[in-house]
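Worksheet for the structure shown next.
The values are calculated or read from the model by the stated rules, or taken from the named source; none is laboratory data. Note that the structure is a prediction, hence the values are computed from the model and not measured. Backbone-built Cβ (ideal geometry, glycine too); neighbour counts: all protein chains shown. Only protein heavy atoms, including side chains, enter the accessible area calculation; ligands, DNA and RNA are left aside. Shrake-Rupley method; radii C 1.70, N 1.55, O 1.52, S 1.80 Å.
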There are 2 protein chains.
Amino acid sequence: MQESERFAARVEGVSGSAIRELFKLTSRPGVISFGGGNPSPAALPDEIVADICRELVATNGKVLLQYGMTEGLPALRESLTGYLQSEFGVTTDAGCILPVTGSTQAFNLLLDAYTDPGDVILTENPTFLGATQAMHLHQLRVIPVDSDEQGLRVDALEEAIRRHRPRMLYTIPTFQNPTGVTMPLERRKRIAELAAQYDILVAEDDPYHSLRYTGESLPAIKAFDMDGHVALMGSFSKVISPGLRVGFLVCEPKLLRKCVICKQSDDLHTANLNQAVVDAYLRRDLLRPHVQEVCARYGAQLNCMLSALEEMQGVQRFTRPEGGLFIFAYLKNNVNATEMLMKAVDRGVAYVPGTYFYPDGGHENTLRLNFSNADIPTIERGMALLNDCLK
Amino acid sequence: MQESERFAARVEGVSGSAIRELFKLTSRPGVISFGGGNPSPAALPDEIVADICRELVATNGKVLLQYGMTEGLPALRESLTGYLQSEFGVTTDAGCILPVTGSTQAFNLLLDAYTDPGDVILTENPTFLGATQAMHLHQLRVIPVDSDEQGLRVDALEEAIRRHRPRMLYTIPTFQNPTGVTMPLERRKRIAELAAQYDILVAEDDPYHSLRYTGESLPAIKAFDMDGHVALMGSFSKVISPGLRVGFLVCEPKLLRKCVICKQSDDLHTANLNQAVVDAYLRRDLLRPHVQEVCARYGAQLNCMLSALEEMQGVQRFTRPEGGLFIFAYLKNNVNATEMLMKAVDRGVAYVPGTYFYPDGGHENTLRLNFSNADIPTIERGMALLNDCLK
């Protein structure tokens, strides 16, 4: 083999996000997709963003079009402090906040700055596929921890910590991807305690936090972090626009500094205009009314999908999320959701087989259903098609 | 030491870009900066970009604000094929082009996809500091190769290849950073040949290509690549706006695929709006007249700085670039440019000491001068202040 045909060890055997590849297969015209995690087109505020972009560049273009600091736009770091307090119950200051190019980058920077190949990372079981891909690219040992309808089981977590001596825990405590389940207050507190006790870092991924349709908002695990053992990652992809690629990382300053050094080589800084659009949403109190509108829409879509699931004979059980974007369903009679997918796409509906979200595979009778991207009539049609597949 | 006080091996000992830290020191109000690589504020097309942003989001916001493909906006990949042909003499197709979040990301992805810790990478001597930082974060062995007033010496390169068996060569063939020198046609051809002969990958960084003020445009090394041994990286930071963070990578499809996999975990995709602005510049033929205007401005600024250098007794010699952003100067009597910097800043002028650009250090009597960011009266004032420091 030629040298130039060989690639880095970190990319050998990593074949790319199965979900993103699946999108290509299932994005045939006419196929109803419950597969992605896309916001509804109706929830993308194109008119407001168009006006804000023009205004920001016209009034402050010489700054926004110039190079910015790797640490992010000072105005956005400042406005994020208030947002973190009101939305996540996290009291912090601008020096602990790093605006990033989507929360995908936040996790990648944390892995760059804090993990070495061979380190152990614990995750929920199942967990977000994009995150496990980043773990594999960092050559980590991924150990899934038993999870139930309240998320990560803290007894299983402590046992896994003692047994595997992990460097990091990756968790999505709120409206988890793919299950939609939310970790109650006591578990959040306990995880912060365990992280301090065993000196591990919790990478808390909370991109769906504001998308709550019922129940009470909960503070982030980061809110219970006394001594820098939790790094919180958030995103504006689900509440403003994924195409803008703006998220944030909150962690203690020494770790943040290492992430900044990695970001210098990663993309130098997050695009200024994109940061400024998010800052404008926060400062002008545009985010809250927009999220309210989006929640009303998605809440109705969630209820529609839950009602359809209740009627489906082939479904054994499914989660009942209080927010977020996803429902996780378990099929009866060990029907294989991967094998069923092509049949479903042929009938005109797509989803993601749940097995992809289990780091150790298996659980072939599960699937993840997204309810944010399709409107109610489309959800009704798509669920009827899915029901046909199961008959 | 607590576990949580320890960081990843790749970030231990990497202290961050000296240039970016220097910016903070030298950005005191009133200090004339020849230090950065910033475009002139006058060259940032704020009014046009403001209008384009509004128009693009208003007419196509439901697409631009939604998730995009990691591979990039199809329209931009398409328009880049024509741009690569006309500007770089590179014949390629959209499947070999990856839009990225600034060419900084292009190099990071190449290192992710193609290098393992301990691999050898060859560079010019001196070379771009941001690139060497990325090499250190990838734990590469950086070997600088003798360079002269025509760039990399190809005889020294062949010797270094035989001796060190490198995995990659990093080169900036056109208006090099920090020296401003340009590699002639024959050397470009020879480098492509050597890469094929010894089966190494050339990472060709060409962000200043279009900023030519005198002489004839030269094809990229990539133009002479027959079998995928050259990856070309380009940027719109210097010709439209650095704050938008849009660049591109051109390489053979298998390597591109591995870079796409790394980009999935890096930032998922480059912001759609930012890609669409660049696409509009290319499609509407806005880039060519803008670059002409910028070149007229920068060319006059370059001449002004060269004239000032000719009059300076303390300067031994300096490069005479045909384009780009930088002049490299050598001081007489072994004056130490790092030691002189604080004195210069106190007098009101800043630059980057050249020693930072030499991977092995030394060359303390050198400095890099940027002529793009300051207008002619400011350059005259700044060079007079610098002359005072040398007396």
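Numbers at a glance
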| read-out | value |
| --- | --- |
| Residue list for the stretch B:159-174, filter: out of contact with any Ser or Thr (no Cβ under 6 Å at 6 or more places or on another chain) and in contact (Cβ under 8 Å) with a residue 40 or more places away in the chain | B:HIS164, B:ARG165, B:PRO166, B:MET168, B:LEU169, B:THR171, B:ILE172, B:PRO173 |
| Selection within the stretch A:257-285 - part of a helix (DSSP H, G or I) and more than 23 Å from B:MET135 (Cβ to Cβ) | A:ASN272, A:LEU273, A:ASN274, A:GLN275, A:ALA276, A:VAL277, A:VAL278, A:ASP279, A:ALA280, A:TYR281, A:LEU282, A:ARG283 |
| Matching option when the condition is more than 29 Å from A:SER265 (Cβ to Cβ), basic (Lys, Arg) and in contact with a Phe, Trp or Tyr (Cβ under 6 Å, 6 or more places away or on another chain), among B:ARG317, B:ARG297 | B:ARG317 |
| Tally of residues being more than 17 Å from A:GLN316 (Cα to Cα), open to solvent by 20 Å² or more (accessible area, probe 1.4 Å) and touching a residue at least 40 places away in the same chain (Cβ under 8 Å) across the stretch A:356-391 | 10 |
| All positions within the stretch B:226-260 that are crowded, with 24+ Cβ neighbours inside 10 Å, within 11 Å of another protein chain (Cβ to nearest Cβ) and over 27 Å from A:CYS53 (Cβ atoms) | B:HIS229, B:VAL230, B:ALA231, B:CYS251, B:CYS259 |
| Residue match in the stretch A:61-72 (condition: modelled with pLDDT under 95 and touching a strand residue (DSSP E or B) at 6+ places or on another chain (Cβ under 6 Å)) | no |
| Number of the condition not met by A:VAL90 [criteria: (1) open to solvent by less than 40 Å² (accessible area, probe 1.4 Å); (2) at the interface with another protein chain (Cβ under 8 Å from one of its Cβ atoms); (3) outside any helix (DSSP H, G or I)] | (2) |
| Residues that are facing chain A (nearest Cβ under 7 Å) and either surrounded by fewer than 20 Cβ atoms within 10 Å (Cβ to Cβ) or among the hydroxyl-bearing types (Ser, Thr, Tyr) (or both), drawn from the stretch B:29-45 | B:PRO41 |
| Counted residues, the stretch A:169-186 - those being farther than 23 Å from A:ILE327 by Cα and buried (at least 24 other Cβ atoms within 10 Å of the Cβ) | 1 |
| Residue match in the stretch A:102-121 (condition: buried (at least 20 other Cβ atoms within 10 Å of the Cβ), closer than 23 Å to B:LEU44 by Cβ and within 14 Å of chain B (Cβ to nearest Cβ)) | no |
| Some residue of the stretch A:289-310 being surrounded by 20 or more Cβ atoms within 10 Å (Cβ to Cβ) and not in a helix (DSSP H, G or I) | no |
| Per-region count, the stretch A:165-208, residues in a loop (DSSP other than H, G, I, E, B) and not charged (D, E, K, R) | 17 |
| Looking only at the stretch A:324-355, and only at residues there that are among the hydroxyl-bearing types (Ser, Thr, Tyr) and surrounded by fewer than 22 Cβ atoms within 10 Å (Cβ to Cβ), the one that is nearest to A:LEU122 (Cα to Cα) | A:THR355 |
| A:VAL154 being free of Cβ contacts under 8 Å to residues at least 40 places away in the same chain and open to solvent by less than 40 Å² (accessible area, probe 1.4 Å) | no |
| The stretch A:55-71 residues that are open to solvent by 10 Å² or more (accessible area, probe 1.4 Å), paired with ones that are of a type in the set (Gly, Ala, Ser) (beta carbon under 7 Å, 6 or more apart) | A:LEU56/A:ALA276; A:LEU56/A:ALA280; A:ALA58/B:ALA50; A:GLN66/B:GLY243; A:TYR67/B:GLY243; A:GLY68/B:GLY243 |
| Answer residue from the stretch B:125-149, given it is more than 15 Å from the chain's Cα centre (by Cα) and within 14 Å of chain A (Cβ to nearest Cβ) and is nearest to A:VAL260 (Cα to Cα) among those | B:LEU137 |
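Listed here are the residues, each with its yes/no results for (1) aliphatic (A, V, I, L, M); (2) closer than 30 Å to B:ILE240 by Cα; (3) at pLDDT 95 or above.
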residue	(1), (2), (3)
A:LEU194	yes, no, yes
A:ASP206	no, no, yes
A:SER217	no, no, yes
A:LEU232	yes, no, yes
A:PHE236	no, yes, yes
A:GLU252	no, no, yes
A:VAL278	yes, yes, yes
